[in-house]
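Okay, structure first, notes after.
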Amino acid sequence: MSDHDGFTVEDWLALPERGQRVELIDGSFVVSPQAATNHQLCTGRLRTLLAVSAPEDLEVVEAANLICADEGAIPDLVVADADVMVAATVALEPHHVRLVAEVVSPGNKNRKRDYQDKPRMYAAAGIPVFLRVELTGPGAPRVQVFELRDGDYALATEAAAGQALQLTEPFKVSFDPAELAGLRRREA
């Protein structure tokens, strides 16, 4: 039973594949165009950085369908159980997902989704780690890592370009957020 009026997860999963990013948020379909090239490069670089360090039982992919109770999201990046990922799963169940990441897109509506809607959805679904990348502003790119505590996300660590981000969950990895924008590491 849905708390929202409008479309359901079943409606969302029945949509034909058209190469568009369509998410189900608060009972409405949200259609997004392809992200800007710097957003795509950042997501690809983050995927590569995480995939190199991921244990064999986890896989890292970009843009996977994720069921979040009565909503459906497409995180920019997902770390989930390898056996589920290689099984050609159309939509991931949250209990298989260890981390989701969003690269913040420009525009007020996009920022609201990346700062409010999606973290709310992921926390309610019980996703243990939420990572957010900000490509603009002071210290950009900046990465914030949130861990689920008592049903909500709490900031666990963050780093700006030129600093080392230490991620411990769902596995250990360290990188300079500058790498996500193709910037060379800055000397300490």
For Glu102: the one exception among (1) surrounded by fewer than 18 Cβ atoms within 10 Å (Cβ to Cβ); (2) under 24 Å from Thr8 (Cα atoms); (3) free of Cβ contacts under 8 Å to residues at least 40 places away in the same chain: (1)
Would you point out the residue of the stretch 105-130, among those that are in contact with a helix residue (DSSP H, G or I) (Cβ under 8 Å, 6 or more places away or on another chain) and of a type in the set (A, V, I, L, M, F, W, C), that is surrounded by the fewest Cβ atoms within 10 Å (Cβ to Cβ)? Ala125
Kindly list the number of the only condition in (1) open to solvent by 50 Å² or more (accessible area, probe 1.4 Å); (2) outside any strand (DSSP E or B); (3) within 22 Å of His39 (Cα to Cα) that fails for His95. (3)
Criterion first (out of contact with any His (no Cβ under 7 Å at 6 or more places or on another chain), surrounded by 22 or more Cβ atoms within 10 Å (Cβ to Cβ) and under 21 Å from Val145 (Cα atoms)) does Ala80 satisfy it? no
The stretch 152-181 - residue that is surrounded by fewer than 14 Cβ atoms within 10 Å (Cβ to Cβ) and in contact (Cβ under 8 Å) with a residue 24 or more places away in the chain and, of those, farthest from Asp81 (Cα to Cα): Asp152
Out of (1) more than 22 Å from Glu134 (Cα to Cα); (2) in a loop (DSSP other than H, G, I, E, B); (3) free of Cβ contacts under 8 Å to residues at least 24 places away in the same chain; (4) not basic (Lys, Arg), what's the single condition that is false for Gln34? (1)
Picked from the stretch 64-77 (must be over 12 Å from the mean Cα position of the chain (by Cα) and not charged (D, E, K, R)), the residue most open to solvent (accessible area, probe 1.4 Å) is Ala69
Per the filter on the stretch 99-111, residues within 16 Å of Gln144 (Cα to Cα) and of a type outside the set (Val, Ile, Thr) are Leu99, Ala101, Glu102, Ser105, Arg111
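The values are calculated or read from the model by the stated rules, or taken from the named source; none is laboratory data. Keep in mind that this is a model prediction, so the values were computed, not measured. Positions of Cβ are generated from backbone atoms using ideal geometry, with glycine treated the same way; all protein chains shown enter the neighbour counts. Just the protein is used for accessible areas: all its heavy atoms, side chains included, with ligands, DNA and RNA removed. Shrake-Rupley method; radii C 1.70, N 1.55, O 1.52, S 1.80 Å.
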